[in-house]
Amino acid sequence: MLRCGQMIFAQALVCRHLGRDWRWVKGKKQMENYYNVLNAFIDKKDSYYSIHQIAQMGVGEGKSIGQWYGPNTVAQVLKKLATFDTWSSLAVHIAMDNTVVMEEIRRLCKLSCPCPGASAFPAAESDLLSNGYPDGAECMDRLLSWKPLVLLIPLRLGLTDINEAYIETLKHCFMMPQSLGVIGGKPNSAHYFIGYVGEELIYLDPHTTQPAVEPMESGHIPDESFHCQHPPCRMSIAELDPSIAVGFFCNNEEDFNDWCQQVKKLSLIRGALPMFELVEHQPSHFSSPDVLNLTPDSSDADRLERFFDSEDEDFEILSL
């Protein structure tokens, strides 16, 4: 699941820095931002989203090194790691209790932050642009009106198997232009789902052993192993473990508003159940962090840990 978390977040960084329409072509010279994205995930302890950083940050979430992560846990870890990534300057929101609160997201995305012109990966030449702006440019008004949003929604769509009523809604989530895909899998096997065909999910499998990648002295990275060299795998939707996390990326406020409209239309799908609720304001039954005497981060993590991580859930059916 750690690698799956890297994959969905790498897709978010590609959308952020290279654009959703960008495609990798073997042997083609890439722009500097592409190698900056790769650097963020390379297996070095000082990379933002390296396997080392994810495992170490997971200790703070109660997961020992080598312990299995659920979709919620890896989402919580990536949210914390993203705060150190000033180059990407992302607003990462993890929706609680199957509920996306629009007011909370707007407040998060409109917060002030340092100008992302101060890149964590300095360019080799002084005239290169960082996030589209020269280093030191006055870009606060243009960039900080809305921080790009990574929205992760941990869900449980059934007890031991996925409830068929959610399948059509899940399919429509893949069709949204803001989709980052889904992390989840089958029991004891984590996958990154990127789409569907008919009644089958299309997924990438991280369980492939390959040589470690070492950056060259020029700063460029041998990148073939970062990309799929063969057709992706398929599996029946019915085999999906019900514990998943759905991801979306909204580059600006207009993008987020469009996503909200598309989510509202999901309720019109005949015979399908919504996987999560979209509301303008926080419901009154939500407990505030102050009442629980917890910080917002620990409150989110603890509550989601209880509800969504399948590896910690033991259900008992009681006869009444």
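With each label point set 7 Å from Cα along the Cα-Cβ vector, what nm distance links L273 and A238?
1.8 nm
Starting from the Cα gyration tensor of region 207-281, take the square roots of the eigenvalues, sort them a ≥ b ≥ c, and report rounded, prolate or oblate (rounded when a/c is under 1.5, otherwise prolate if a/b is larger than b/c, else oblate). The partial results should precede the final answer.
Values: a/c = 3.47, a/b = 1.71, b/c = 2.03.
Taking the square roots of the gyration eigenvalues as a ≥ b ≥ c, region 207-281 is oblate.
Under 8 Å for C-alpha pairs, at least 6 residues apart: give me the relative contact order for region 148-279, rounded to a whole percent. Don't skip to the end; give the middle numbers.
Numbers: 203 pairs, mean separation 54.4, N = 132.
Reported as a whole number, the value is 41 percent.
For region 25-99, take the alpha-carbon Rg, divide it by the Kirkwood Rh, and send me Rg/Rh. The partial results should precede the final answer.
Working: Rg = 14.5 Å, Rh = 13.9 Å.
Rg/Rh: 1.04.
Given contacts defined as C-alpha pairs under 8 Å and at least six residues apart, what's the relative contact order of region 1-60, whole-number percent?
29 percent
Grab the beta carbon distance between Q30 and L159, set R0 = 41 Å, and tell me the FRET efficiency rounded to 0.05.
On the way: r = 45 Å, r/R0 = 1.10.
Given R0 = 41 Å and the Cβ-Cβ separation, E is 0.35.
How long is the gain from E168 to E199 if the chain were fully straight, where each residue apart is worth 0.36 nm and the alpha carbon distance is subtracted?
Details: separation 31, 0.36 × 31 = 11.16 nm, distance 0.97 nm.
Gain on stretching E168 to E199: 10.2 nm.
Based on alpha-carbon positions alone, could you give the equivalent ellipsoid semi-axes of region 177-249 from the gyration tensor, as √(5λ), descending, whole Å?
Details: eigenvalues 154, 41, 28 Å².
Each semi-axis is √(5λ); the values are 28, 14, 12 Å.
If packing is taken as the mean number of other Cβ atoms within 10 Å per residue, what is the order of 15-25, 96-106, 235-245, highest first?
Ranked from most to least packed, the peptides come out as 235-245, 96-106, 15-25.
Output wanted: per-residue J couplings in Hz (rounded whole) for region 94-101, from phi through Karplus 6.51 cos²θ - 1.76 cosθ + 1.60, θ = phi - 60°, x for Gly and Pro.
10, 6, 9, 6, 6, 10, 9, 9
Got a sec? What order do I51, I194 fall in by accessible area at 1.4 Å, biggest, i.e. largest, first? Could you put the intermediate results ahead of the total?
Working: I51 40, I194 80 Å².
The ranking, largest first, comes out as I194, I51.
May I ask you to rank D161, D223 by accessible area, largest first, using a 1.4 Å probe over the protein chains only? Numbers along the way, then the final one.
On the way: D161 100, D223 25 Å².
Sorted by accessible area, descending: D161, D223.
So if we plug the beta-carbon distance of W22 and S284 into 1/(1 + (r/R0)^6) with R0 = 56 Å, what FRET efficiency do we get, rounded to 0.05?
On the way: r = 43 Å, r/R0 = 0.77.
Efficiency, rounded to the nearest 0.05: 0.85.
The values are calculated or read from the model by the stated rules, or taken from the named source; none is laboratory data. A quick note: this is a predicted structure, and the numbers were derived from the prediction, not measured. Positions of Cβ are backbone-derived with ideal geometry, glycine not excepted, and every protein chain shown enters the neighbour counts. Please note that ligands, DNA and RNA were not included when accessible areas were found on the heavy atoms of the full protein model with its side chains. Shrake-Rupley method; radii C 1.70, N 1.55, O 1.52, S 1.80 Å.
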